[in-house]
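A short worksheet on the structure shown next.
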Amino acid sequence: MTNHWTSSLLVSSVFLWGCGSVELPGDDDDADSNETPTTNSPPDDDDNPPGPVTGGAATGGAGTTTMGEGGSTEGPIPPPPIIFDVGEVSDLPPGSCFAPPQINCDHMDDDPWHALGLNCPGGPQVEGSITLQGPEQLYVQEGNLGTFNPPTYPPREGNKFVILSSGNAQEMTIPGFYASTDVGGFGDNPLLPPIVTNSVSATDDCVANPALVGTGDCSNTIETQWNQGSGSYDYAEMRLVTEVPPGVPGFTYDFAMFSTEYPVYYQSGFNDMYIAWLESEQWTGNVSFDDMGNPISLNAGFLDFKDAPNDFDCPAPCSAPELMGTAMEGHAGTRWLTTTAGVTPGETIEVIFAVFDLSDGILDTVVLLDNFQWACAGGGPSTIPG
């Protein structure tokens, strides 16, 4: 993975998989009280805790980064089947999935990887890096965001989540604040590699034609929106590299996106964007987009809450009380959304969560990130309301 330092702040945290024992399904030991039960997932072993977790430090709004009953049977009892260690080949029965359990640890600190549900002791581990133009672009939020009841944006796992912004992320928590910060740097530039904007085909994606993997954006969702503007500004990203566990065909994560560009610049060339880029054997491209093939941007779908009228699809009165208590009062955002994407067990993948202004550096766009976990659903990427 290449680290990029051009007019940016890079913070990295590297963690190794623990070596504790793994219990098989059906063991009687109680699961750890801090983990969310996962169907068919082997619990962790409290008697074999992993070693200490270490990491770097982030300053500014992000705080500190560290991450049956049966009858008798006559005759001899047959021996258990012999299972050979064949290296990369999984011992799991064909078609089975044992996704590692998710373990919550964001109560420990304000590490943004812990806030995502990653690098917790005994849980899924990643090598993570954060690229910002200024430390104010990332903030770890504790508890619900906003004051609407019932809460529109509660944490999706644990009690914290990440706010990543093209401006000052913490301003998202200030009711009615006009979020418009030009952080500076990285203006009018292409996106950081391996992200590219070109579509792989006018007709096929990489599920329909796997030969297209590596030739561009497998989703064919970025190019049209990107071409409406004139380059990225105030770029911010979180990037992770990790090995897919054996027998696990996919991952999921939750996010929500907002923009101060609404309503004044709605359906214009100032179309700020959020991209979730996956580099894997099955897919190279954006994985978070709506069911019409649009990326997560100001002008595309999933803009659920519009708190001001516009001339296109929300005449007055047009309001969204769901945004009360946030800086997006009078603007717009999505609800919590969940993306699922397929991967190949045992491969090394790279996932990039990137948000940026398009065409200028003002009027902030914000994304919330939480709840990354391995999943038993594979196949092509999809995003649904969470």
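Quick one: P(r) of region 310-373 from all Cα-Cα pairs, 5 Å bins, percents rounded to integers, in order of increasing distance.
3, 10, 17, 17, 18, 14, 8, 6, 4, 1, 0
Testing the spin-label approximation: label points 7 Å from Cα along Cα→Cβ at Asn227 and Ser268. State their distance in nm.
Roughly 2.2 nm, to one decimal.
Using θ = phi - 60° and the Karplus curve 6.51 cos²θ - 1.76 cosθ + 1.60, what whole-Hz ³J(HN,Hα) does each residue of region 360-369 get, with Gly and Pro shown as x?
Going residue by residue, I get 7, x, 10, 6, 5, 10, 10, 10, 9, 9 Hz, with x marking Gly and Pro.
How much accessible surface does Glu281 have with a 1.4 Å probe, in Å² rounded to 10?
120 Å²
Determine the sum of side-chain charges near Val351: Lys and Arg each +1, Asp and Glu each -1, restricted to other residues whose C-beta is under 9 angstrom from that of Val351.
Combined, the nearby Lys, Arg, Asp and Glu give -1.
What does the extension gain come out to for Asn159 and Ala202, with contour length at 0.36 nm per residue minus their alpha carbon separation?
11.2 nm
Would you work out what percent of the accessible area of region 200-346, with all protein chains in place, is carbon or sulfur (probe 1.4 Å)?
Summing carbon and sulfur atoms, their accessible area is 52 percent of the total for region 200-346.
Considering the Cα trace of region 151-221, what is its radius of gyration and what is Dmax, both in angstroms?
Radius of gyration, then largest Cα-Cα span, for region 151-221: 18.3, 48 Å.
In vacuum, with every alpha carbon of region 253-378 counted as one equal point scatterer, what does the Debye formula give for log10 I(q)/I(0) at q = 0.15, 0.22 Å⁻¹? Two decimals, please.
So the normalised log intensities work out to -0.71, -1.29.
The values are calculated or read from the model by the stated rules, or taken from the named source; none is laboratory data. As the structure is a computational prediction, the values presented were derived from the model and not from experiment. Here the Cβ is made from the backbone with ideal geometry for all residues, glycine too, and neighbour counts use every protein chain on show. With ligands, DNA and RNA removed, areas are computed over all heavy atoms of the protein, side chains included. Shrake-Rupley method; radii C 1.70, N 1.55, O 1.52, S 1.80 Å.
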